[in-house]
Amino acid sequence: MSLLLQPTDRLFVLTGAGVSAESGLATFRGKGGLWEGNRAVDLATPEAFARDPELVWRFYSMRRARHAECKPNAGHIALAHLETKLGARMLICTQNVDSLHEAAGSTRVLHMHGKLTESRCSNPHCPSEPFEDRKEYPAQSQIPVCKICGAILRPHVCWFGEVPYHMDEVLASLQQCSVFLTVGTSGMVQPAASFAELARRNGARTYYVGPENPANVFSFQEVFLGPAGSRLPELLRVE
Ligand code: OAD
């Protein structure tokens, strides 16, 4: 069985935590997930950062350390290989803050929830830009301040209650795609959970790959059950 793509297809790929699970990064929901027990979820908010930046930075420092040890898996590699065939007709929009798509060789990747390996000024009015930063700041005294305005730095990730990044590009690309593929996301977090339905109503063929049905399963024409690391290499073919 394969998910046959024509050379003229325009492919939009939405990925979630599941695509990185086989690389050793925990997903959010379910057993052993980062949000299990609901303690960590309380750290991913602007309010939590204002209340206790040290605690929030400790959490993201721990995730940076784990991320530094991980490598892309066969699912990331299959998607990167597909980009060599489809070029600008393929875009990956990931909810993941890891950089494993890029490490596998993908170049057309939008991080709608930001990147673990970037920091930015916590002052929303500061003109400074996010920048690459892989350092860990487990103690309050280690958290650097912005060179322009002096506010403390924060991870460049989208927290609950904040607007995801790159949405104009994402929505434009969604409208143009003829094939919409989702990999490894539970379909529970908006706005990403609505993308499949938007694409389907626009006439795209919609597919899901993951070990279980997502919450928005009704938006997919076909569901390929199984882990991304083995399903993607066998499914992704260009005719
Ligand atoms: P979830 O933890 O909600 O869902 C992970 C999905 O991956 C589940 O549906 C699993 O079945 C699936 N999965 C597990 N192992 C897999 C594998 N080997 N191959 C393929 N799929 C697998 O993670 P997300 O849906 O990505 O947002 O979560 C969405 C957002 O919620 C995250 O970006 C994060 C979180 O709160 C923010 O932090 C803003």
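At-a-glance table
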item	result
Scope region 13-27; condition within 9 Å of the ligand (Cβ to nearest atom) and β-branched (V, I, T); matching residues	T15, V19, T27
Selection within region 97-122 - within 16 Å of R134 (Cα to Cα) and either surrounded by fewer than 23 Cβ atoms within 10 Å (Cβ to Cβ) or within 15 Å of the ligand (Cβ to nearest atom) (or both)	V97, D98, S99, L100, E102, A103, G114, K115, L116, T117, E118, R120
Residue in region 33-53 that is aromatic (F, W, Y) and within 30 Å of A151 (Cβ to Cβ) present	yes
L236 being buried (at least 20 other Cβ atoms within 10 Å of the Cβ) and either in contact with a Lys or Arg (Cβ under 7 Å, 6 or more places away or on another chain) or closer than 15 Å to A78 by Cβ (or both)	yes
Tally of residues being aliphatic (A, V, I, L, M) and in a loop (DSSP other than H, G, I, E, B) across region 129-179	5
Residues of region 24-59 satisfying the condition of being in contact with a Leu (Cβ under 7 Å, 6 or more places away or on another chain) and closer than 20 Å to A139 by Cα	A40, L43, L55, V56, F59
Candidates G75, G87 - the one that is touching a helix residue (DSSP H, G or I) at 6+ places or on another chain (Cβ under 6 Å) and under 18 Å from F12 (Cα atoms)	G75
Leading residue by the ranking (nearest to E102 (Cα to Cα)) among those in region 40-83 that are polar (S, T, N, Q) and within 13 Å of the ligand (Cβ to nearest atom)	N73
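All of the numbers you see were taken from the coordinates with simple rules; none came from a lab. Everything numeric in this text was worked out from a predicted model, so none of it was measured. Note that we place each Cβ from the backbone using ideal geometry, even for glycine, and neighbour counts take in every protein chain shown.
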